[in-house]
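First up is the structure itself, then whatever we jot down about it.
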Amino acid sequence: MANEVEKLNTIAIADIEKFNLLADSDIEKINGFEFASAPALAFDAASGATGTEVSSITFSHTCSTTSHRLLVVSVNLAAYPEDPPSVTSVTYGGDAMTEGGTIHYLTYHRTSLYYKVAPATGTNDVVITPAATYDVIIGGSVSFVGVDQSTPFGTFATSSAGNIDDESTPSYATTTVSSGLGEILVYSQGSTYGAASNVWSSYDGSTERHDASVNTSGKDGNGSLYTKAGVSGSNTATADTGNTAGQYGYHMVAVSVKPA
């Protein structure tokens, strides 16, 4: 044991200094272990598509190779006459996605958020398959990097607004979401009716990631997907078309994405 102590005492000061100059990435690899530091929470990419009276829609989305990824897909369905729409599956690259939050407006419109933690990198297909051939399908996708992989979200929140009997005085859905500083809100809002030219406007510093309207032979609907920087405490997620009439049934799902 004495010999081993003597060897330790003879370590050159230069060797100690070399160790102190090692890069963080080198130190993390000591003893065969490598710990990847998480990147900052950030928006990655967005995509989307629409369909009318189809059994499913497919569109591509590209996730970066940056670590701690999260993919969120919004699904807006409309079924006329009153037929409660539902979803059979949402997949990305063939992998099933998980339903996070859903709201129905009356009986014929549905807005949902689905998600996949650590989605495959590169370009893959998002496939939304409803339970039936509905009148309107609107899908949007947004990916993030730097997301907490074990607890990626806060609590999902939903809201609805509008007067189905009076489209001359439209309103819009506003949802309050709890968040922490440095988190990102993601939310989708849909409406029951609207001309194809009716598109959403962002409010309160939100960024539009996907926005679509469908109006074909009286089968119409709108869907949007937004992100917004979160603040500590209560956050408001709001979107509207800016129109003075029409689109009088609004519904929203919102949640806060947590950093790694």
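In terms of the Cα gyration tensor, with a ≥ b ≥ c the square roots of its eigenvalues, is segment 55-112 rounded because a/c is under 1.5, prolate because a/b exceeds b/c, or oblate? Verdict is prolate for segment 55-112.
Give me ASP148, ASP125 sorted ascending by neighbouring Cβ count inside 10 Å, so fewest comes first. Working shown, then result.
Numbers: ASP148 17, ASP125 12.
Lowest count first: ASP125, ASP148.
Given a Förster distance of 25 angstrom, what is the FRET efficiency for ASP83 paired with ALA118, based on the Cβ-Cβ distance and rounded to 0.05?
Taking R0 as 25 Å, the efficiency between ASP83 and ALA118 is 0.10.
Ranked for footprinting exposure by Cβ neighbours inside 10 Å, fewest first, LEU71, LEU225 give LEU71, LEU225.
No lab work stands behind these numbers, since they all come straight from the coordinates. Computed from a predicted model, the values in this text were never measured in an experiment. Because the Cβ atoms are built from the backbone with ideal geometry, glycine has one as well, and the counts that use them run over all protein chains shown.
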